[in-house]
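Asker: Can you keep this structure in mind? I'll have questions shortly.
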Amino acid sequence: MSYSCWWKSAVIYQIYLRSFQDTNGDGIGDIPGIIQRLDYLEWLGIDVVWITPFYPSPMADFGYDISDYQGVDPTFGKLADLDYLIQLLHDRNIKVIVDFVAAHTSDQHSWFIESRSSRSHPKRDWYIWKDPTPEGNPPNNWIGRFDGLSAWEWDAKTEQYYLHSFLKEQPDINWRNPGAKQAMLDVLDFWLQRGVDGFRVDAAYRAYKDPQFRDNPVNPNWHPGMEPSDLLFEVFSKNVPDIHDFNSMLRKFVDQQGDYLLIAELYKSLEEIVKHYGANDEFHLPLNSELMSSDLTWSAETIREIVERYEHLLPEDAWPNWSLGNHDKHRVASRIGGEQAKVGMMLLLTLRGTPTIYYGDELGMEDAWVPSEHIQDPWEKKAPGIGVGRDPERTPMLWDSSANAGFCASSVHPWLPITYDYDGINVEVQKKKSRSFLWLTQSLLTLRKQYPVLQLGQYVSLYAPSQLFCYRRFNEDSDLVIALNFSSEYQEWILPEEFRNQSTILISTFMDRQGGQLGNILQLRGNEGIVLGSVSRSSPSQ
């Protein structure tokens, strides 16, 4: 079977379903809401929609605790709504990928209810059950991701502990059990048959655990204020050596079905991420979260180093990917400021690799302030005050200047607060301003289609002053240069020899410079990014 690798040239748009568009008046986004906004998605110019979990769930972790992998929660609509959405997206040449929550289910899933019913039940080993130690303690020292307490929950009825890497309502699946493995593969097949184009595998690196269940080493540098789970180095509870067997098994299964995309959530260093490509037989795209790191220094030197290191580390024929934000990380405009967020968007959409845009980032949306009485995230509730809460980046999409920003009716309370500046940062307002963040994003997406070199061309970084990150995208037909000013000060850059006196500005992040022939020097205002085309070589595709 031959594959097109369509995902290499694609731009992925992540929709956090609860926050995109409410249509039934409960203040929670739903599948009909995405259908309502299809014209916008097509106008924006994205190629793939990634939809966060819509499955039936008690919502202990807002859909990442699944009680039925083959349905749709009534909060979000019906299975028929999802089928219709997939059809409509495909009619507009937009593909769709969905979350596959691989490491755990809800404790309300029928599998776990049966597993919990008896030690002798056939599904007992579908989850990870262990006896207490001789002293009556949990089987080892593993702790939960959210609260730093034991990851083992005692079940009085069967007198054993079960493992939960996150909430106790999210018991971990035992992927080493053949029955559980087949049931989960059947889930993938179910959704492939319904027309999805791939999966983002949630918490992929936690699917396998150390077979010996050894204690994790203690972190001697942990101190109050750090994440509770950082008390230990999780060397035996995640990313264990044979996790690559899990990766390969999923890849083999998906490849046997057709031309689909398999993405992995990892949150690891670049050195670790690249290992999950395997020999081109594991994940197509192990998600690169380097640009979302909370301790990232946003500077030209740092970003250049990250890009060059990633390009150097990539296995042969592996394809890079980039993202500035998602539903677990504070919004990029809040991390680096609105002006640099525009530079970041140009970076994201011009680097070599598949980019993912988080909903609202095309507007420059910022984190919202969420009062304590409105906090929803279980992580923030269990570890308050240390900055792990994910509510601020999950607030509703800003569509217009009406009450609740057009996300839901004015008489409805949205599930999370609307950002305070919604009347100035929203789709309706920015569409009317030719130099807005939204028009910059849409124009960059259009440029990617006009110049395929931005999709699949080669990459090389260029010498530049310390405040600038400059690089080249080229193929046999086109040659483009991207120059990004990471400072707020005016900068000058002597152009590469082949671009002197024969280059033109294709787009500026200020959206006020285009055309004209440059001489030897490119002048950049503070916080400005520019894409240059060679007059002699670069021409848009027809």
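For every residue, the table says whether it meets (1) closer than 25 Å to residue 528 by Cβ; (2) open to solvent by less than 20 Å² (accessible area, probe 1.4 Å); (3) not acidic (Asp, Glu).
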position	(1), (2), (3)
279	no, no, yes
286	no, yes, yes
289	no, yes, yes
297	yes, no, yes
321	no, yes, yes
335	yes, no, yes
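Asker: State the number of residues belonging to region 292-320 that are more than 27 Å from residue 524 (Cα to Cα) and in contact with a Ser or Thr (Cβ under 8 Å, 6 or more places away or on another chain).
Answerer: The total comes to 2.
Asker: Name the residues in region 36-87 that are hydrophobic (A, V, I, L, M, F, W, C), touching a residue at least 60 places away in the same chain (Cβ under 8 Å), open to solvent by less than 60 Å² (accessible area, probe 1.4 Å) and not in a loop (DSSP other than H, G, I, E, B), would you?
Answerer: Taking region 36-87 as the starting set, the residues that turn out to be hydrophobic (A, V, I, L, M, F, W, C) are 38, 41, 43-44, 46, 48-51, 54, 59-60, 62, 66, 72, 76, 79-80, 82, 85-86.
Right, trim to touching a residue at least 60 places away in the same chain (Cβ under 8 Å) and you get 43-44, 46, 48, 50, 60, 62, 82, 86.
Then drop every residue that is not open to solvent by less than 60 Å² (accessible area, probe 1.4 Å), which leaves 44, 46, 48, 50, 60, 62, 82, 86.
Correct list: 44, 48, 50, 82, 86.
Asker: Please identify the pairs in which a residue from region 426-445 that is outside any helix (DSSP H, G or I) has its Cβ atom under 8 Å from the Cβ atom of a residue that is of a type in the set (Gly, Ala, Ser) and open to solvent by 30 Å² or more (accessible area, probe 1.4 Å), counting only partners at least 6 apart or on another chain.
Answerer: Every condition considered, the pairs that remain are 426/401.
Asker: Looking at 474, 486, 510, which is the one that is open to solvent by less than 30 Å² (accessible area, probe 1.4 Å) and either of a type in the set (Ser, Thr, Tyr) or under 27 Å from residue 356 (Cβ atoms) (or both)?
Answerer: Result of the check over 474, 486, 510: 486.
Asker: Ok, one more. Of all residues being without any contact (Cβ under 8 Å) to a residue 12 or more places away in the chain and within 24 Å of residue 128 (Cα to Cα) in region 213-258, which is least open to solvent (accessible area, probe 1.4 Å)? Just the residue, please.
Answerer: Once the filter is applied, the top-ranked residue is 230.
Asker: Right, next: List the pairs whose first member sits in region 88-104 and is farther than 14 Å from residue 356 by Cα, whose second member is open to solvent by 10 Å² or more (accessible area, probe 1.4 Å) and assigned to a loop (DSSP other than H, G, I, E, B), and whose Cβ atoms are under 6 Å apart, counting only residues at least 6 apart or on separate chains?
Answerer: What qualifies is 101/64.
Asker: Might you let me know whether region 187-202 holds any residue that is open to solvent by less than 70 Å² (accessible area, probe 1.4 Å), among the charged types (D, E, K, R) and over 23 Å from residue 4 (Cα atoms)?
Answerer: Within region 187-202, the first condition is being open to solvent by less than 70 Å² (accessible area, probe 1.4 Å), and the residues that meet it are 187-192, 195-202.
Among the residues that remain, those that are also among the charged types (D, E, K, R) are: 189, 197, 200, 202.
Filter again for over 23 Å from residue 4 (Cα atoms), leaving 202.
Looking through region 187-202, at least one residue is open to solvent by less than 70 Å² (accessible area, probe 1.4 Å), among the charged types (D, E, K, R) and over 23 Å from residue 4 (Cα atoms).
Asker: Is it the case, given these coordinates, that residue 329 is surrounded by fewer than 23 Cβ atoms within 10 Å (Cβ to Cβ) and outside any loop (DSSP other than H, G, I, E, B)?
Answerer: no
Asker: Now for a different question. Only one of these is assigned to a loop (DSSP other than H, G, I, E, B), open to solvent by 10 Å² or more (accessible area, probe 1.4 Å) and not hydrophobic (A, V, I, L, M, F, W, C): 316, 301, 272, 305. Name it.
Answerer: Working: 301 fails: assigned to a loop (DSSP other than H, G, I, E, B); 272 fails: assigned to a loop (DSSP other than H, G, I, E, B); 305 fails: assigned to a loop (DSSP other than H, G, I, E, B).
From the options 316, 301, 272, 305, the qualifying one is 316.
Asker: Among the numbered criteria (1) open to solvent by 50 Å² or more (accessible area, probe 1.4 Å); (2) more than 30 Å from residue 93 (Cα to Cα); (3) among the basic types (Lys, Arg), which one does residue 206 miss?
Answerer: (1)
Asker: Could I ask something else about it? Of everything in region 92-114, what is part of a strand (DSSP E or B) and open to solvent by less than 60 Å² (accessible area, probe 1.4 Å)? Give them in sequence order.
Answerer: 96, 97, 98, 99, 100, 101, 104
Asker: Go through region 396-416 and give me each residue that's open to solvent by less than 30 Å² (accessible area, probe 1.4 Å), assigned to a loop (DSSP other than H, G, I, E, B) and out of contact with any Pro (no Cβ under 6 Å at 6 or more places or on another chain).
Answerer: 397, 398, 399, 412, 415, 416
The values are calculated or read from the model by the stated rules, or taken from the named source; none is laboratory data. Please read these numbers as outputs of a predicted model, since none were measured by experiment. Note that we place each Cβ from the backbone using ideal geometry, even for glycine, and neighbour counts take in every protein chain shown. Accessible surface is based on the protein model in full, side chains and every heavy atom, while ligands, DNA and RNA are left aside. Shrake-Rupley method; radii C 1.70, N 1.55, O 1.52, S 1.80 Å.
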